[in-house]
Amino acid sequence: MKKIVFATTLLFSGTALALLAVPAFAADAVVYESAPAAAVAYDWSGFYIGVQGGYLWGQADHSFSNGAPSDDSDPDGFIGGVHVGYNWQSGSFVYGVEGDFEGGSVDGSFENATGGTSVGTSELNWQGSIRARLGYAYDNALLYVTGGWAIGDFDLGGGPFPLPVSGDYSDTLNGWTIGAGGEWAFNEHWTARLAYRYTDFGEASGNLAPGFPDVDMPVDLTAHAVRVGVSYKF
């Protein structure tokens, strides 16, 4: 009888020890995996260069010193060129400076047969700008506003209707431009953009020589443009 009691005691003791050992063994068997690293946000800082193209529509307000009726030649057409810039990023805010240069096929004309009658033409030869940019970045998307100095070179003509243009002049104008856009980064180096800008070139001034050298034709020039482009960031 004593042997049975002793054996039973040993059995219960061994079982208790085994049960106590199981949690310790299970704890040792648990594998703790580290949390995945947070995704690194896109860095917009750095130098970039790119190409762009789009459509420009403008207003050219012609007036005449001899009292001929004023009118608008409203140039429009396609533009294209290059841009270059640099961005600095602080948190979600992106600051930068950018310059661009464009040419294209942009022209317009009018024939005013009312009153004293007049005709006029306008053509954009080239344009450029140097602008500041301020944007808000969300990873690889950037929304921004931009504004600064603009320059444009125009050929302008006019004369009495129904004759063709009897005098013309060229003028390079300094003005200002403002706009907004969005940019998307496909990878570390390549981005695409869509933007709108309004530009006020100011007033051109010249006379209608050789046909009418004593007649001045000032022209006030403004323009709207929508552009798409791609950039390579170094």
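Hey, any hits in the range 83-101 for a residue that's buried (at least 18 other Cβ atoms within 10 Å of the Cβ), of a type in the set (A, V, I, L, M, F, W, C) and closer than 22 Å to Asn174 by Cα? There is no residue in the range 83-101 that is buried (at least 18 other Cβ atoms within 10 Å of the Cβ), of a type in the set (A, V, I, L, M, F, W, C) and closer than 22 Å to Asn174 by Cα. Of all residues in the range 139-175, those being part of a strand (DSSP E or B) and either over 16 Å from the mean Cα position of the chain (by Cα) or in contact (Cβ under 8 Å) with a residue 60 or more places away in the chain (or both) number 19.
If I ask for residues that are at pLDDT 95 or above and not in a strand (DSSP E or B), which ones from the range 108-123 would you list? Across the range 108-123, there are no qualifying residues.
Of note, Ala68 satisfies the criterion of being crowded, with 21+ Cβ neighbours inside 10 Å and outside any strand (DSSP E or B). Test Glu203 against the criterion of being farther than 22 Å from Leu142 by Cα, among the acidic types (Asp, Glu), surrounded by 13 or more Cβ atoms within 10 Å (Cβ to Cβ) and touching a strand residue (DSSP E or B) at 6+ places or on another chain (Cβ under 8 Å), and give yes or no. Yes: the conditions hold for Glu203.
Apart from one condition, Ala41 fits all of (1) in a strand (DSSP E or B); (2) exposed (fewer than 14 other Cβ atoms within 10 Å of the Cβ); (3) aliphatic (A, V, I, L, M); the exception is (1).
The values are calculated or read from the model by the stated rules, or taken from the named source; none is laboratory data. What you are looking at is a predicted structure, and each value in this text was computed from that prediction instead of being measured. Neighbour counts run over all protein chains shown; Cβ positions are idealised from the backbone, glycine included.
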